[in-house]
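I am attaching a structure below and will ask some questions about it afterwards.
Laboratory data are not the source of any read-out in this text; all were calculated from the coordinates shown. Treat the numbers as computed from the prediction; the structure is a model and nothing was measured. Positions of Cβ are generated from backbone atoms using ideal geometry, with glycine treated the same way; all protein chains shown enter the neighbour counts.
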Amino acid sequence: MARYTATVWYSLLLVTTLSAESVQLVDVESVRATGNPASFLHTVPAAANPAEVSCDILIAGAGAGGFAAALRAADRGHTVCLTEESNWIGGQSTAGGVSALDENKFIEFAGGTRTYYQLRNGIRDYYRRNFTLSPAAAALENFNPGSCYVSQLCFEPKAGLAAHEQMLAPYKQKVRLMLRTRVYRLDVSNDAVTAALAYNFDTRTVTRIRPRWVLDATETGELLPLSGVPYSVGSEPASDTGEPHAAAQANPACVQSFTYPFAIDVRPGENHRASKPPQYERFRDSQPFSFRITYTEDFGWRGLFQYKMFGDDPPIPNNMSPGPFFSWRRLLAAKNFTGPNAPAELALINWPRQDYHDESLLDRTPLDTARILQQAKRVSLAFLHWLQTDVPRDDGKGTGYPELRLRADVMGTEDGLSKVPYIRESRRIIPKGTRVVEQDIVAAYQPGSRARWFDDSVGIGFYMVDIHPCGANERGRMMMPRPFQIPLGALMPQKLKNFLPAGKNLGVTHLTNGAFRLHPVEWNVGEAAAMFASLSISQGAMPTTATVQKELAKAGVPLVWFDDLRIDHPAFSAIHYTAIRRIYPLSRHDLHASPDAPITRAEAAAALAAYFNVATTEPVQLALNRGWMAVDHRNWFHPDLPFYWTDWREDKFPRPIPTVNFKRTGPVTRAELATRLAQ
């Protein structure tokens, strides 16, 4: 595995030292498919007396994790410096062009944090405010603007941007938003970051930021090499991770491919065929461009599958990939709108065949980075040209759809490609705590209803281990996980005491990154990182895991997987806090919380044992032996009968438990038990 030490950091940076006085940075948003890659570089001279700002928490990157972290920190009263290289906040779902959220099948009920659901609601409200929905769409609680197949929520990037801006608006006095700005240097002393230098690509000025805590929420983990924190790049060897599907040898070049998405609409009878981009034939034949996807039979999949351009076929069971290509990631479906301003059909193009997989962006020189980004743009523009010119038509009458129009306005760019690339894999910390490996989450190794249990959980996620192949002899791979947890130990870096990852750069492997890199998971990681930093600042010391978990649960962050516990349930916080302490009853056979179901006497006995921290495999016998519960006059316990508060002998407890005035003595519901014991 690629492990770097402080002696070689600066030879590996995306920042190259030209002299003692200046550095070079890539202006990612300015990269074009034509021109000299060197023209996209900025030389940043050493600033003798840069402007200075101070804040409680510096967050680099305003994508899913960074934005969520900024909201959480500001909501808790902290000042935040939030830097972002592009001129849009929102990351993947806005500037990255992936406005088709990669989520889980439970997402309308569970699987996200409270603020993540606010984002989803804000996106839907954007369309309700600005358009007239069709009667069928207006009647839906889970309205999907694009009626796409790949996601429960497909939308225009500008709708995502508007929702993000609306959420940030109440915190403008707390959050200093620094767009078009990149952190390029960190000063470290006594195992802490003391200052950062940040460069604004528009004003060409440098700002020194003096934070108390630093969170790296960049798409590539840009701050890791700047900080001296040990990290990994690419695929680790099986000898290191013990993962059954890891490679035999470490391969730093084996990083998931990345993509420049774009959007198209259909203009019947018109010709919008773009000019042929550079190296078109090479990209067409080497990618190769095709609607044929091989779902590898070696993995037990269905084999070769041929997609078509248009249509609305039912999705493949248990997989959101349909037959039609255009509607696969459709952002706007005409059937969902009516009235004079009803939009036309609009589709997002983010297809595996347009991925750039020849080279990795990580730990390259700035000039190499600019060149690789340029090549990736050429691949996407070549794929567009193929759609307009060479793809076999559904009707069998020739090739190409010249009526497909590139919608540059959708991405807000001159070339019509996303402002920044969609990055699937980052540098990742080598944590001093838990590193999540394949065996921890994949269903083949986890027989229960949930993945490996982590007592230090600070969130949850659920997505396939989805590996887009790199150009270093790796095939694509998908493995189905169990619904998994995010351990706090995976956020704990070595060396530094005021620095945390806040996105896909946490302590996972090349393989498990494929499940942790999705929108709601990164969002959750950012919230957890911000909560830890906030508590550290307010307490003046590192918080306990239990304190972090309790505050996260109160803030609407799930700690345990339940598929029926909505974020607005009044006992949400109590149930999650008692569940992570193993007080709340959990099933190995399903994900149900069943908060309004009665709790049994046996479950109440187990809850007592967990509450008083008494380890036992026989909680009923323990409760009887210690006099916490009693048998009836026939010497029967009745473990499956519903529990009443009077079944407990509270005068025999090791210490008093909270008293709560409920409306009845029983049967006691699971939510009522959690509410009482969470206090």
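As a test of the definition: which semi-axes, in Å, follow for the stretch 280-409 when you take the square root of five times each eigenvalue of its alpha carbon gyration tensor? Largest first, please. Before the final figure, lay out the partial values.
Values: eigenvalues 147, 91, 53 Å².
Value: 27, 21, 16 Å, ordered largest first.
Counting only helical runs of four or more DSSP H residues, what would the 222 nm mean residue ellipticity of the chain come to if each run contributes -39,500 (n - 2.57) and the total is spread over all its residues?
Details: 17 runs with 163 residues, N = 679.
One gets -7000 deg cm²/dmol as the mean residue ellipticity at 222 nm.
Could you pull out the pairs from 377/495; 105/308; 172/377; 174/550; 554/652 whose alpha carbons sit more than 28 Å apart here? Show your work: numbers first, answer last.
Values: 377/495 38 Å; 105/308 25 Å; 172/377 35 Å; 174/550 24 Å; 554/652 31 Å.
Correct reply: 377/495; 172/377; 554/652.
Let me ask something else about it. So if we plug the beta-carbon distance of residue 54 and residue 165 into 1/(1 + (r/R0)^6) with R0 = 25 Å, what FRET efficiency do we get, rounded to 0.05? Don't jump to the answer; show the numbers that get you there.
Values: r = 25 Å, r/R0 = 1.00.
For residue 54 and residue 165, the calculated efficiency is 0.50.
Turning to a different aspect of this structure: Sorted from largest down, give the three principal axis spans of the alpha carbons of the chain, whole angstrom values.
Here the spans come out as 89, 64, 53 Å, largest first.
What is the helix-to-structure angle for 601-611, meaning the angle in degrees between its Cα long axis and the longest Cα principal axis of the chain, kept from 0 to 90 and rounded to the nearest 10?
Rounded to the nearest ten degrees, it is 70.
For the stretch 588-677, what number results from the quotient of the Cα radius of gyration and 2.2 N^0.38 Å? Present the calculation step by step, with values, prior to reporting the outcome.
Working: Rg = 12.8 Å, N = 90, 2.2 N^0.38 = 12.2 Å.
Normalised Cα radius of gyration, the stretch 588-677: 1.05.
Taking the stretch 45-115, which trypsin sites (Lys or Arg not before Pro) meet the DSSP loop condition and have no more than 16 other C-beta atoms within 10 Å?
On the way: sites: 72, 76, 105, 114; in loops: 76, 105.
Here the trypsin sites (Lys or Arg not before Pro) that fit, given the DSSP loop and packing criteria, are 105.
Can you tell me the 0 to 90 degree angle between the C-alpha axis of helix 64-75 and the longest principal axis of the chain, rounded to 10?
50 degrees
Let me ask another. Starting from the Cα gyration tensor of the stretch 529-679, multiply each eigenvalue by 5, take the square root, and state the resulting semi-axes largest first in whole Å.
Rounded to whole Å, the semi-axes are 29, 18, 14.
Moving to a separate point now. Rounding to the nearest 20 debye, state how big the charge dipole of the chain is about its Cα centre with +1 on each Lys and Arg Cβ and -1 on each Asp and Glu Cβ. Before the final figure, lay out the partial values.
Values: 72 positive and 68 negative charges, 173 e Å.
With Lys and Arg at +1 and Asp and Glu at -1, about 840 debye.
Dipole magnitude of the stretch 588-677 about its Cα centre, charges +1 at Lys/Arg Cβ and -1 at Asp/Glu Cβ only, in debye to the nearest 20?
Working: 11 positive and 10 negative charges, 43 e Å.
Roughly 200 debye for the stretch 588-677.
Projecting each Cα onto the charge dipole of the stretch 262-411 (Lys/Arg +1, Asp/Glu -1 at the beta carbon, about the Cα centre), which of 286, 305, 391 comes out farthest on the positive side?
Projecting each Cα onto the dipole axis, the largest value belongs to 391.
To the nearest 10 degrees, how steeply does helix 114-130 sit against the main Cα axis of the chain, on a 0 to 90 scale?
Computed tilt is about 50 degrees.
Project the alpha carbons of the stretch 75-131 onto their principal axes and report the range along each, largest first, in whole Å.
33, 27, 24 Å, listed from the longest principal axis down.
The stretch 42-114: D in µm²/s via Stokes-Einstein (Kirkwood Rh, Cα pairs, 20 °C, 1.002 mPa s)? All intermediate terms of the calculation are to be shown ahead of the outcome.
On the way: Rh = 14.7 Å.
The diffusion coefficient I find is 146 µm²/s.
A further question on this structure: How much FRET efficiency would the formula 1/(1 + (r/R0)^6) give for residue 439 and residue 635, where r is the Cβ-Cβ distance and R0 is 35 Å, rounded to 0.05? Walk me through the numbers before you get to the answer.
Details: r = 46 Å, r/R0 = 1.30.
Efficiency, from the Cβ-Cβ distance: 0.15.
Find the all-direction average of the projected area of the Cα convex hull for the stretch 16-157, expressing the result in square nanometres with one decimal place. Walk me through the numbers before you get to the answer.
Numbers: hull surface 51.0 nm².
Orientation-averaged projected area of the Cα hull: 12.7 nm².
Once R0 is set to 51 Å, what does the formula 1/(1 + (r/R0)^6) return for the Cβ-Cβ distance between residue 281 and residue 47, expressed as a FRET efficiency to the nearest 0.05?
Numbers: r = 47 Å, r/R0 = 0.92.
After rounding to 0.05, the efficiency reads 0.65.
Continuing with this model, one more query. Which loop trypsin sites (Lys or Arg not before Pro) in the stretch 137-199, with loop taken from DSSP, have no more than 13 other Cβ atoms within 10 angstrom of their Cβ? Write out the running numbers ahead of the final one.
Details: sites: 158, 172, 174, 176, 180, 182, 185; in loops: 172, 174, 180.
Listed in order of number, the matching sites are 172.
When only DSSP loop residues count, what trypsin sites (Lys or Arg not before Pro) in the stretch 577-679 have their Cβ near at most 15 other Cβ atoms within 10 Å?
Details: sites: 581, 582, 588, 601, 626, 634, 649, 652, 663, 664, 670, 676; in loops: 581, 582, 588, 626, 634, 649, 663, 664.
When the trypsin sites (Lys or Arg not before Pro) of the stretch 577-679 are filtered for loop state and at most 15 Cβ neighbours within 10 Å, 588, 634, 649, 663, 664 remain.
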